[in-house]
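Below is one structure, written out as structure tokens; the observations come after it.
The values are calculated or read from the model by the stated rules, or taken from the named source; none is laboratory data. No experiment lies behind these values; they were computed from the predicted model shown. Every residue, glycine as well, gets a Cβ built from its backbone with ideal geometry; the counts of neighbours run over all protein chains shown. SASA here: full protein model, heavy atoms, side chains in, ligands and nucleic acids out. Shrake-Rupley method; radii C 1.70, N 1.55, O 1.52, S 1.80 Å.
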Amino acid sequence: HLGLTRWEMPGLKLSDNDWDAHKALLRAHKPFRNFEMRRSDQEGRIRWFSVSGEPIFDAEEVFAGYQGVGSNITARKLAEVALQASEQRARAIINASPVPMALSDSVGNMIIFLNPAFIQTFGYALSDIPTLADCWHRAYPDPVYRQQAVESWKAELVRSAQTETPFAPIEMNICCKDGTNRFVLVGATALKDSLAGSHLVVLHDVTERQRDKLALQSSLAEKTTLLNEVHHRVKN
């Protein structure tokens, strides 16, 4: 795997940095299992191995060294590194987003992460709403409305999963930490790989649009009432 002869290959010795975590086991002559180590091949490429070994004793019961086996796990390690880099990029994008976002664990009913925009918009930190139950109770203090919100949310999660179609955004009225209310369109995306079972929740703040809509409806209602009164007077 390395393209080196046993004379060219550096020995597995106690001073090797790869073995620092196992020095105690080596000194105690105890076996080790599935220890991950890395070496460079002749072209300087890193190769990862999973190694297991056990001590060897001579006829006088004197420790003579170790024997063991190793398997090449380079492909797996490279995939893990790529996945970790991808997750780090995704987290950086979420952190920088001006749109409030949260990461929830639907299996463990936990809130895993809140981006800065979420904290700034609604005032809640992760310590305020560590679980989905905490979030439901604080964001929707009215029990009747909370029940409606929970049922709508769960129903859409089920529908989205069963039909394998995108989560349809739901309009919700969220109570912020300071007691004010924000109207939001809430959507969710099921995540995969190491975050399987989790959902990325995106909350678009439409408070101003909703207020304009309500103001327009109120204005139209007033005008309709006024026109009805004028029509009534003219008729009489």
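How much length would be gained if the chain were fully extended between PHE63 and VAL144, taking 0.36 nm per residue of separation minus their Cα-Cα distance, in nm to one decimal? List each step's numbers first, then the result.
Details: separation 81, 0.36 × 81 = 29.16 nm, distance 7.32 nm.
Value of the extension gain: 21.8 nm.
List the residues of the stretch 86-109 whose backbone N lies under 18 Å from a point placed 7 Å from the Cα of GLU171 along the Cα-to-Cβ direction.
none
Quick one: with all protein chains in place, what share of the accessible area of the stretch 149-214 is carbon or sulfur, to the nearest percent (1.4 Å probe)?
Details: 2140 of 3890 Å².
Here it works out to 55 percent.
Using a 7 Å offset from the Cα along the Cα-to-Cβ direction at both GLU43 and THR131, what is the distance between the two label points in nm, to one decimal?
That separation, rounded to one decimal, is 5.4 nm.
Please give, to one decimal in nm, the separation of the simple spin-label points placed at ARG159 and LEU83, each 7 Å out from Cα toward the Cβ.
The two pseudo-label positions are separated by 3.2 nm.
With just the Cα atoms defining each centre, how far is the stretch 142-166 from the stretch 70-94? Give it in Å.
33 Å
Quick check for you: with a 1.4 Å probe and neighbouring chains kept, what is the accessible area per residue of the stretch 139-208, in Å²? Before the final figure, lay out each step's value.
Working: 3990 Å² over 70 residues.
Result: 57 Å² per residue.
Given R₀ = 30 Å, what would the calculated FRET efficiency be for THR74 paired with ASN109, taking r from the Cβ atoms and rounding to 0.05?
Working: r = 38 Å, r/R0 = 1.26.
According to the calculation, E is roughly 0.20.
What's the ranking of 80-93, 145-158 by average number of surrounding C-beta atoms within 10 Å, highest first?
Values: 80-93: 11.4, 145-158: 13.8.
Ranked from most to least packed, the peptides come out as 145-158, 80-93.
Order of 50-60, 182-192 by packing, highest average Cβ count within 10 Å first?
Working: 50-60: 12.9, 182-192: 17.5.
Put in order of decreasing packing, that is 182-192, 50-60.
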